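All remarks here apply to the structure that follows.
The values are calculated or read from the model by the stated rules, or taken from the named source; none is laboratory data. Everything quoted here is computed from the prediction, not taken from an experiment. Cβ placement follows ideal geometry from the backbone for every residue including glycine, while neighbour counts extend to all protein chains displayed. Heavy atoms of the whole protein, side chains included, go into the accessibility calculation; ligands, DNA and RNA do not. Shrake-Rupley method; radii C 1.70, N 1.55, O 1.52, S 1.80 Å.
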Amino acid sequence: MNESTNIHPIFDRLLQRKDREKRLQQNSKVLWLTGLSGSGKSTIAEALERKMYNEGFFAQVLDGDNIRSGINNNLGFTIEDRQENIRRIAEVAKLYLNSGIITLNSFISPTIEIRNFARQIIGKKDFIEIYINTPLEVCETRDVKGLYKKARKGEIKGFTGIDSPYEAPQNPDLEIKTVDMTVEESVEAIFKYIEPIIKL
Ligand code: ADP
């Protein structure tokens, strides 16, 4: 081949997502855990992150602790702010995705519309919706952060499940019913589902 026509040598092109996935030996995906407050999203995401690490995968939890307190610390809970909250989370997850990293997103994301918005930003084929299905009564009994008590007393307005709706996913990729399962069983079930998908 004439050297002057060979203008796209391999070392000259921008690194692609697939290059990074190859380096990390995984297919990156966005795991989107949705469910009521106290349903178990964070507990499961953290245990799953550890499990994936032990199994040789590279994953990162995104949750209220590292997102709401940082990049989204100027947002509240109005409809507009919830929308902007999810938009930024989805954009961050997309950056990770293109870096070859799997994210475990743990956010209530209460409406079908808001999850569709996230799915649209991330891309349908990379968005895995996991419904952490725990009945309201159970979440309220757990009341991990004492928020249900406050919401019932009217000290918190617009609390999901109390005076703000939660719309369950109609067709999630996976559903985890935490009342019938331990945390370990929940993690195993998710891992079993995603392993063939993320394995390169
Ligand atoms: P969320 O992130 O959805 O608000 P958390 O993970 O903070 O919920 O709280 C869930 C609580 O439920 C934790 O105290 C956890 O120990 C408990 N729990 C009981 N069974 C399970 C289960 N199978 N999966 C996840 N959490 C469970």
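Give 183, 144 a once-over and let me know the one that is open to solvent by 80 Å² or more (accessible area, probe 1.4 Å), of a type in the set (Val, Ile, Thr) and either within 11 Å of the ligand (Cβ to nearest atom) or under 14 Å from the mean Cα position of the chain (by Cα) (or both).
Just a single option satisfies the conditions, and that option is 144.
How many residues are open to solvent by 50 Å² or more (accessible area, probe 1.4 Å) and among the hydrophobic types (A, V, I, L, M, F, W, C) when one looks only at the range 55-66?
1
Given the conditions (1) surrounded by 16 or more Cβ atoms within 10 Å (Cβ to Cβ); (2) more than 30 Å from residue 180 (Cβ to Cβ), report the number of the one that residue 34 does not fulfil.
The failed condition is (2).
Go through the range 147-166 and give me each residue that's within 16 Å of the ligand (Cβ to nearest atom) and either in contact with a Gly (Cβ under 6 Å, 6 or more places away or on another chain) or open to solvent by 40 Å² or more (accessible area, probe 1.4 Å) (or both).
147, 149, 150, 156, 162, 164, 166
Which of the residues belonging to the range 79-92 are touching a residue at least 24 places away in the same chain (Cβ under 8 Å), more than 20 Å from residue 169 (Cα to Cα) and either in contact with a helix residue (DSSP H, G or I) (Cβ under 7 Å, 6 or more places away or on another chain) or open to solvent by 50 Å² or more (accessible area, probe 1.4 Å) (or both)?
91
Considering only the range 140-160, how many residues are assigned to a helix (DSSP H, G or I) and either farther than 17 Å from residue 40 by Cα or in contact (Cβ under 8 Å) with a residue 40 or more places away in the chain (or both)?
8
So if I check each of 137, 188, 175, 129, which one is in a strand (DSSP E or B), of a type in the set (Asp, Glu), within 16 Å of the ligand (Cβ to nearest atom) and open to solvent by 30 Å² or more (accessible area, probe 1.4 Å)?
175
From the list 172, 110, 135, exactly one residue is under 14 Å from the mean Cα position of the chain (by Cα), in contact (Cβ under 8 Å) with a residue 12 or more places away in the chain and more than 26 Å from residue 196 (Cα to Cα). Which is it?
Selected residue: 110, the only one of 172, 110, 135 that is under 14 Å from the mean Cα position of the chain (by Cα), in contact (Cβ under 8 Å) with a residue 12 or more places away in the chain and more than 26 Å from residue 196 (Cα to Cα).
Right, residue 167: in contact (Cβ under 8 Å) with a residue 12 or more places away in the chain and farther than 23 Å from residue 47 by Cβ or not?
Here the answer is yes, as residue 167 does meet what is asked.
Spot the failing condition for residue 69; the list is (1) within 15 Å of the ligand (Cβ to nearest atom); (2) open to solvent by less than 70 Å² (accessible area, probe 1.4 Å), and only one is missed.
For residue 69, the failing item is (2).
Residue 97 - would you say it is outside any helix (DSSP H, G or I), open to solvent by less than 80 Å² (accessible area, probe 1.4 Å) and aliphatic (A, V, I, L, M)?
Here the answer is no, as residue 97 does not meet what is asked.
Can you find even one residue in the range 42-54 that is open to solvent by 50 Å² or more (accessible area, probe 1.4 Å) and more than 16 Å from the ligand (Cβ to nearest atom)?
yes
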